[in-house]
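Student: Got a structure here, written out as structure tokens. Questions coming.
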Amino acid sequence: MRAAILTLSDRCSTGERADGSGPALRAWLEERGVTVACTDVIPDEGALISAKLVEWADSGLYDLILTTGGTGVSPRDVTPEATERVVERLLPGFGEVMRMESLKKTPHAIISRAVAGIRKNALIINLPGSPKGATENIGFVWAAVPHAVAKLQGDPEECGTPLPR
């Protein structure tokens, strides 16, 4: 699996603050055998976020695109809207599971607006902006990611064992 990581932060994009979540996600993915082929840091600007997601998904180079940052309720948190503008199909279960599991750790999980979806053959998942939040949340949904990516790549295998009649 080939992945790309997009960090969304005004301060990180100007060098005011070091990006902690992008490198944390890279390490987490690489521990699981995922090739992180591309990373970038851009400001919290909806048009820039959407354009980068389109560029990466449409290139066909990445199976998995993770965003980190911009999923809260601050005025500059626009990642979910930027993602929704470009995905062809939403996958609400990813956000639901991340919020449900995060809520077991912090009451602030309820204000997460993270979404996930598909564009072309790429799975796009929004994650929180903190290193801990980003890695915890990808961990909450990871069991479904390889299967989803395989299906996007045309895997013809059945999704599950049929129930006995």
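The values are calculated or read from the model by the stated rules, or taken from the named source; none is laboratory data. The model shown is predicted, which means the values in this text are computed figures rather than measured ones. Glycine also receives a Cβ, built like all others from the backbone with ideal geometry; neighbour counts cover every protein chain displayed.
Student: Can we say Ser112 is surrounded by 15 or more Cβ atoms within 10 Å (Cβ to Cβ) and not hydrophobic (A, V, I, L, M, F, W, C)?
Tutor: Yes, satisfied.
Student: Right, here's the next one. Is there any pair with a first residue in region 1-29 that is without any contact (Cβ under 8 Å) to a residue 12 or more places away in the chain and a second that is surrounded by fewer than 22 Cβ atoms within 10 Å (Cβ to Cβ) and acidic (Asp, Glu) whose Cβ atoms are under 9 Å apart and which are 6 or more apart or on different chains, and what are they?
Tutor: That search, which allows pairs on different chains as well, returns Glu16/Asp10.
Student: Let me ask another. Can you report the number of residues in region 88-111 which are in contact with a strand residue (DSSP E or B) (Cβ under 7 Å, 6 or more places away or on another chain) and part of a loop (DSSP other than H, G, I, E, B)?
Tutor: Adding up the residues that qualify gives 2.
Student: Quick check: is even one residue across region 130-149 in a loop (DSSP other than H, G, I, E, B) and touching a strand residue (DSSP E or B) at 6+ places or on another chain (Cβ under 6 Å)?
Tutor: To start, the set of residues in region 130-149 that are in a loop (DSSP other than H, G, I, E, B) comprises 130.
Next cut, touching a strand residue (DSSP E or B) at 6+ places or on another chain (Cβ under 6 Å) only: none.
No, every residue in region 130-149 fails to be in a loop (DSSP other than H, G, I, E, B) and touching a strand residue (DSSP E or B) at 6+ places or on another chain (Cβ under 6 Å).
Student: Let me ask something else. When region 30-67 is examined, which residues are found to be without any contact (Cβ under 8 Å) to a residue 60 or more places away in the chain and either closer than 18 Å to Lys132 by Cβ or assigned to a helix (DSSP H, G or I) (or both)?
Tutor: Once the filter is applied, which keeps residues that are without any contact (Cβ under 8 Å) to a residue 60 or more places away in the chain and either closer than 18 Å to Lys132 by Cβ or assigned to a helix (DSSP H, G or I) (or both), region 30-67 yields Glu30, Glu31, Gly46, Ala47, Leu48, Ile49, Ser50, Ala51, Lys52, Glu55, Ser59.
Student: Criterion first (over 20 Å from Thr35 (Cα atoms), of a type in the set (A, V, I, L, M), assigned to a helix (DSSP H, G or I) and at pLDDT 95 or above) does Ala114 satisfy it?
Tutor: When the stated conditions are applied, Ala114 does not pass them.
Student: Arg85 - would you say it is in contact with a Gly (Cβ under 8 Å, 6 or more places away or on another chain), part of a helix (DSSP H, G or I) and surrounded by fewer than 17 Cβ atoms within 10 Å (Cβ to Cβ)?
Tutor: yes
Student: Conditions first: (1) surrounded by 13 or more Cβ atoms within 10 Å (Cβ to Cβ); (2) touching a residue at least 12 places away in the same chain (Cβ under 8 Å). Pro92 passes all but one, so which condition is the exception?
Tutor: All conditions are met except number (1).
Student: Let me ask another. Being among the β-branched types (Val, Ile, Thr) and over 20 Å from Arg85 (Cβ atoms) is the filter here; which residues of region 120-152 pass it?
Tutor: Listed by number, the residues that qualify are Thr135, Ile138, Val141, Val145, Val149.
Student: Quick one: in region 11-39, which of the residues that are among the hydroxyl-bearing types (Ser, Thr, Tyr) and surrounded by fewer than 16 Cβ atoms within 10 Å (Cβ to Cβ) is nearest to Met1 (Cα to Cα)? Don't jump to the end; show me each part of the working.
Tutor: Narrowing region 11-39 to residues among the hydroxyl-bearing types (Ser, Thr, Tyr): 13-14, 21, 35, 39.
Subsequent filtering for residues that are surrounded by fewer than 16 Cβ atoms within 10 Å (Cβ to Cβ) retains 14, 35.
Details: Thr14: 30, Thr35: 6 Å.
If we take residues in region 11-39 being among the hydroxyl-bearing types (Ser, Thr, Tyr) and surrounded by fewer than 16 Cβ atoms within 10 Å (Cβ to Cβ), then Thr35 is nearest to Met1 (Cα to Cα).
Student: Can you find a residue that is in contact with an Asp or Glu (Cβ under 7 Å, 6 or more places away or on another chain), more than 15 Å from Leu29 (Cβ to Cβ), charged (D, E, K, R) and surrounded by 17 or more Cβ atoms within 10 Å (Cβ to Cβ) anywhere in region 118-126?
Tutor: Taking every residue of region 118-126 in turn, at least one turns out to be in contact with an Asp or Glu (Cβ under 7 Å, 6 or more places away or on another chain), more than 15 Å from Leu29 (Cβ to Cβ), charged (D, E, K, R) and surrounded by 17 or more Cβ atoms within 10 Å (Cβ to Cβ).
Student: Still on this model: For region 18-49, give me each residue that is among the polar types (S, T, N, Q) and more than 11 Å from Leu66 (Cβ to Cβ).
Tutor: Thr35, the sole residue that qualifies.
Student: Of all residues in region 110-163, which are touching a Gly at 6+ places or on another chain (Cβ under 8 Å) and either charged (D, E, K, R) or over 19 Å from Tyr62 (Cβ atoms) (or both)?
Tutor: Residues satisfying the conditions are Ile111, Ser112, Arg113, Lys120, Pro128, Gly129, Ser130, Pro131.
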